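Chemist: Questions regarding the structure given below will be posed in turn.
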Amino acid sequence: MEIKLIAVIILLSILLIIILVKYILYRRQIMDICRQIVFIRENDTNKIIYNDITEREVLKLTNLINLMCSEHKTKENILKEKDRRLKIALAGISHDIRTPLTSLKGFFELLENETDAEKKKKYNRVINKKIIELTELLEELFMYTKLQNEEYVLELDKYNFTKIVLGTLFSFYSIFKEENIRTEVDIDEEPAEVLCNDMAVKRLLSNILKNAVLHGDGKIDIKYKVKNDCVEFSCKNSIKNPGEIDISQVFDRFYKADAARGKGSTGLGLSVARELSERMGGKISTMIEEGLFVVRFVIYFQN
């Protein structure tokens, strides 16, 4: 009996020693992991957490921490890139807004001191054009800001989509003429009742056409088709250097393929167009096709 008791005591002692050793090892490992976390937190590094013991629980803990660090680093890099692009974009927007304001100031001064009637008319035309340009820039920024608000609701109703397309194209007639842009237009005049927002559709189509005017090379092909299940609007414009355009970024906010040709643009046009398209259940896409920049917008009929 005494031998059995001694054996049990010895066994318990061994188990206690094993548990104590494991406790010490676990404690040291946890403290070491904490030190590594502090180092990573205080330094800009890609270092990962490592461990000296291979117990399943410890491995799982270090793997989860490393995963969280990796995800955090990825998000941090994305935010840094967005912040960098935002700063560049804001500088560009400031320039875009300041330019017409400076011109307005100059032409107002000329108008104030001018006595020739013809020159006054000319200055008035230029001033009106600059005011329209500035208004469009501010409206684009205002619309983009509204669309970033998750609580903003775009009211939808049934509208004659064909009528909206024709009206929008007519409003660009003088712009095409003034900019000496050659156009080929293929339009279905069949009425098409579509669930949408008429002002949003006008803005979306206007942004597509304005993008073609600003960044094109003097030739625009426009098609509008009424199909069995949808309506489709497409705009193709020639471009000097197709390689300059990054298709993966054209819908990103503030993206401009060529800043020199971005005059009068916030770089928000296609980004706003995509936001409006998605809120109406439509689809908008872009591609480079035989050296042409193509934008297609499709919205489906709903019962």
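The values are calculated or read from the model by the stated rules, or taken from the named source; none is laboratory data. Please read these numbers as outputs of a predicted model, since none were measured by experiment. Glycine gets a Cβ as well: all are built from the backbone with ideal geometry, and neighbour counts include every protein chain shown.
Chemist: Go through (1) touching a Gly at 6+ places or on another chain (Cβ under 8 Å); (2) in the same structural domain as residue 195 (by TED's automatic domain parsing) for residue 170 and report which single condition fails.
Modeler: (1)
Chemist: Return a yes/no flag: does region 120-139 have any residue that is of a type in the set (Val, Ile, Thr) and outside any helix (DSSP H, G or I).
Modeler: No, that holds for no residue.
Chemist: Okay, moving on. Take the conditions touching a helix residue (DSSP H, G or I) at 6+ places or on another chain (Cβ under 9 Å), surrounded by 12 or more Cβ atoms within 10 Å (Cβ to Cβ) and closer than 21 Å to residue 301 by Cα and apply them to residue 175. Does it pass? Reasoning before the result, please.
Modeler: Working: touching a helix residue (DSSP H, G or I) at 6+ places or on another chain (Cβ under 9 Å): yes; surrounded by 12 or more Cβ atoms within 10 Å (Cβ to Cβ): yes; closer than 21 Å to residue 301 by Cα: no.
Against the criterion (touching a helix residue (DSSP H, G or I) at 6+ places or on another chain (Cβ under 9 Å), surrounded by 12 or more Cβ atoms within 10 Å (Cβ to Cβ) and closer than 21 Å to residue 301 by Cα), residue 175 does not qualify.
Chemist: How many residues does region 48-59 contain that are hydrophobic (A, V, I, L, M, F, W, C) and at pLDDT below 80?
Modeler: So the answer is 1.
Chemist: If you check 74, 45, 62, which single one turns out to be surrounded by 11 or more Cβ atoms within 10 Å (Cβ to Cβ) and at pLDDT 85 or above?
Modeler: 62
Chemist: Take the residues of region 248-291 that are in contact with a Ser or Thr (Cβ under 6 Å, 6 or more places away or on another chain) and in a loop (DSSP other than H, G, I, E, B): which is modelled with the lowest pLDDT?
Modeler: Within region 248-291, the match that is modelled with the lowest pLDDT is 253.
Chemist: Tell me, please, whether a residue that is small (Gly, Ala, Ser), closer than 30 Å to residue 46 by Cα and either free of Cβ contacts under 8 Å to residues at least 40 places away in the same chain or surrounded by 10 or more Cβ atoms within 10 Å (Cβ to Cβ) (or both) can be found in region 88-110. Spell out the reasoning first.
Modeler: Step one: of region 88-110, the residues small (Gly, Ala, Ser) are 89, 91-92, 94, 103, 106.
If we keep only those that are closer than 30 Å to residue 46 by Cα too, we end up with 89.
Keeping just the survivors that are either free of Cβ contacts under 8 Å to residues at least 40 places away in the same chain or surrounded by 10 or more Cβ atoms within 10 Å (Cβ to Cβ) (or both) gives 89.
Within region 88-110 (the criterion being small (Gly, Ala, Ser), closer than 30 Å to residue 46 by Cα and either free of Cβ contacts under 8 Å to residues at least 40 places away in the same chain or surrounded by 10 or more Cβ atoms within 10 Å (Cβ to Cβ) (or both)), the answer is yes, since at least one residue qualifies.
Residues are listed down the side, and each one gets a yes or a no for (1) in contact with a Phe, Trp or Tyr (Cβ under 9 Å, 6 or more places away or on another chain); (2) more than 12 Å from residue 294 (Cβ to Cβ):
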position	(1), (2)
205	yes, yes
211	yes, no
215	yes, yes
219	no, yes
222	yes, no
230	yes, yes
239	yes, no
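Chemist: Which condition breaks for residue 37 when tested against (1) touching a Leu at 6+ places or on another chain (Cβ under 9 Å); (2) farther than 30 Å from residue 268 by Cβ; (3) in contact (Cβ under 8 Å) with a residue 12 or more places away in the chain?
Modeler: (1)
Chemist: Go through region 153-172 and report how many residues are assigned to a loop (DSSP other than H, G, I, E, B), in contact with a helix residue (DSSP H, G or I) (Cβ under 8 Å, 6 or more places away or on another chain) and either aliphatic (A, V, I, L, M) or surrounded by fewer than 11 Cβ atoms within 10 Å (Cβ to Cβ) (or both).
Modeler: Our first condition is that a residue be assigned to a loop (DSSP other than H, G, I, E, B); within region 153-172, this holds for 153-156, 172.
The next check asks that each one be in contact with a helix residue (DSSP H, G or I) (Cβ under 8 Å, 6 or more places away or on another chain); those that pass are 154, 172.
Applying the additional criterion that residues be either aliphatic (A, V, I, L, M) or surrounded by fewer than 11 Cβ atoms within 10 Å (Cβ to Cβ) (or both) yields 154.
Looking only at that region, the number is 1.
Chemist: In region 5-64, what residues are within 22 Å of residue 77 (Cα to Cα) and of a type in the set (Lys, Arg)?
Modeler: If the condition is that a residue be within 22 Å of residue 77 (Cα to Cα) and of a type in the set (Lys, Arg), then 41, 47 are the ones that fit.
Chemist: Could you list, in sequence order, the residues of region 87-128 that are within 22 Å of residue 142 (Cα to Cα) and charged (D, E, K, R)? Spell out how you get there, then give the answer.
Modeler: Initial filter on region 87-128 (within 22 Å of residue 142 (Cα to Cα)): 87-102, 104, 128.
Scanning region 87-128 gives 87, 96, 98.
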